[in-house]
Amino acid sequence: MPTEFEDLRQEASTVAYERPDELSVAGIGRALAGYGGAIDGVRNTRVVTSAGLDTPYVAYNVVRAGELRTEGTAADACTASRACPPGASVSLVGFPAWGADTVCAATPSTVGGEVTIRCEGVAEGSSGVHVAIGAAGERFGEAAASVPVDHPFGRAVFGAPGAAGGGAVYRLPDGAAAEALDLSAGAGMGGEMGLAVAVGVVDADTALTASAGSGGRVIVATHDVAGGAVTSTVIGCIDDAAEGFGLALAVADFDGDGAVDVAVGSGPGAGRLEEVRVYGGADAPGSCAAWTPATTLTCASDDPLVDCAGAEFGASLVAGDVNADGLADLVVGAPTATVDDVAGAGAAFVFAGAARLTDLDDDVRTLRHPAPATNGDLGRTLAAVPGAEADRVEVAVGAPGADRIYVFLCTGLDGDSPATVGPRCQPQ
Ligand SMILES: [Ca+2]
Ligand SMILES: [Ca+2]
């Protein structure tokens, strides 16, 4: 059950979610997603996690009716009595609705290619459980991302790095089968496209995706929805041959200019870049051409307890407005950071959105555990959970080495600190 502890740095409450006894496999936090929606007219938000491939997953309560209600689990699946198909739980997504059912968590099967969807708000005549067709034999769903709001583009995107011709990326329209996106204009720079995916919203009819494979290319594309059909346009290709480049991605408007920006980190590896590059949407070349980053973020922690050497800074990324100022903020994981001389404890950093992308590192806050665990891997995964107010997200952080996930209720940014948010931020 969740417990609260005091984050010593921010003097704010943080909720720790421990693995429930009925989940038999240790290491929750290897997959992580946040979502929310209405159940019987009441807004509920959730964080869902698993210990990775072929393990059970569990969804925890975060918010109900505008208040933090972190007690108890909301839903689980892949238990002994309700098996999920082989290849499930390597990735998780969640969305506000599937057809007439609401507040749904879903996992793709990387073996069979289907998506199993379980909803909590169940319409009359529905079981609340649905299966959507994906793609078999393509490692469908090795990466996935939830569409952050109700949008005609669909509920989620799934990478399929084993698809013929160098990998593929699919969208999942509401209530329908997954559909491959045409990213052929970005082909090149290696294969396995779909090892990492991110999705954001441009406007009411258009979404934007960033996708990466094993060759060091990130393809950024917009997708216009009209009458149920999607027209995709590659607006930029970001290339770097460094190991794992692009295997962490986030997209959002970090500077509030109306154009969706792209943050690019790297997966683990000896030759990885210990940095995150941020590309301004307004500077997108409009085709598969080179794109100069607006700024490059590094692990320059001012927290004396966090040692960034070999931290895998940028191995995970998520975007969301944590301080409700209208600008998306960027959260960067550094899962192998040394914290208070504890090796591999891990940390995450919140970079406040700013009117100029070059100012993204003006206000940076550190998220870490006050009693760090050796190889806790805090920050291996990140998720944005719809928050207590509709215009705010809470930061969820996976720590699979500690077999826990955390929700940091206050990041310490202006507008998201104990002084400004009120009782929910205070130590209990
Ligand atoms: Ca922007
Ligand atoms: Ca913000």
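Quick note: the coordinates plus some simple rules give every number you see, no bench work behind them. The structure displayed is predicted, hence computed values, not measured ones. Every residue, glycine as well, gets a Cβ built from its backbone with ideal geometry; the counts of neighbours run over all protein chains shown.
Remarks
- A300-E71 pseudo-label distance in nm [points 7 Å out on the Cα-to-Cβ vector]: 4.6
- Near the amide H of R155, within less than 5 Å, lie the amide hydrogens of L172, D174, all on another chain or at least 5 residues away, with H placed in the peptide plane.
- FRET efficiency for the pair A177 and D240, taken as 1/(1 + (r/R0)^6) with r the Cβ-Cβ distance and R0 = 45 Å, rounds to 0.85.
- Gaussian network model of the chain, springs between alpha carbon atoms under 10 Å - residue of V397, V25, V93 with greatest fluctuation: V25
- Label positions at T358 and A419, each projected 7 Å from the Cα along the C-beta direction, are separated by 2.9 nm.
- 3J(HN,Hα) from dihedral phi, the stretch 217-226, Karplus parametrisation 6.51/-1.76/1.60, rounded to Hz, x for glycine, proline: 10, 9, 9, 10, 9, 9, 9, 8, 9, 9
- Residue of V129, V147, V332 that the Gaussian network model of the chain assigns the largest fluctuation, springs spanning Cα pairs under 10 Å: V129
- Cα gyration tensor shape for the chain, rounded if a/c is under 1.5, else prolate or oblate: rounded
- Positive dipole terminus of the stretch 288-383, leading residue within C288, L357, C308 (C-beta point charges): C288
- Normalised by the number of residues in the stretch 24-108, the average gap of Cα pairs under 8 Å and 6 or more apart makes the relative contact order 31 percent.
- GluC sites (Glu not before Pro) restricted to the stretch 207-284 and DSSP loop, no more than 16 other C-beta within 10 Å: E243
- Only Cα pairs under 8 Å and 6+ residues apart enter the sum, and on that basis the relative contact order of the chain stands at 14 percent.
- For A31, nonlocal amide neighbours, meaning residues 5 or more places apart or on other chains whose placed amide H falls under 5 Å from its own, are S50, G52.
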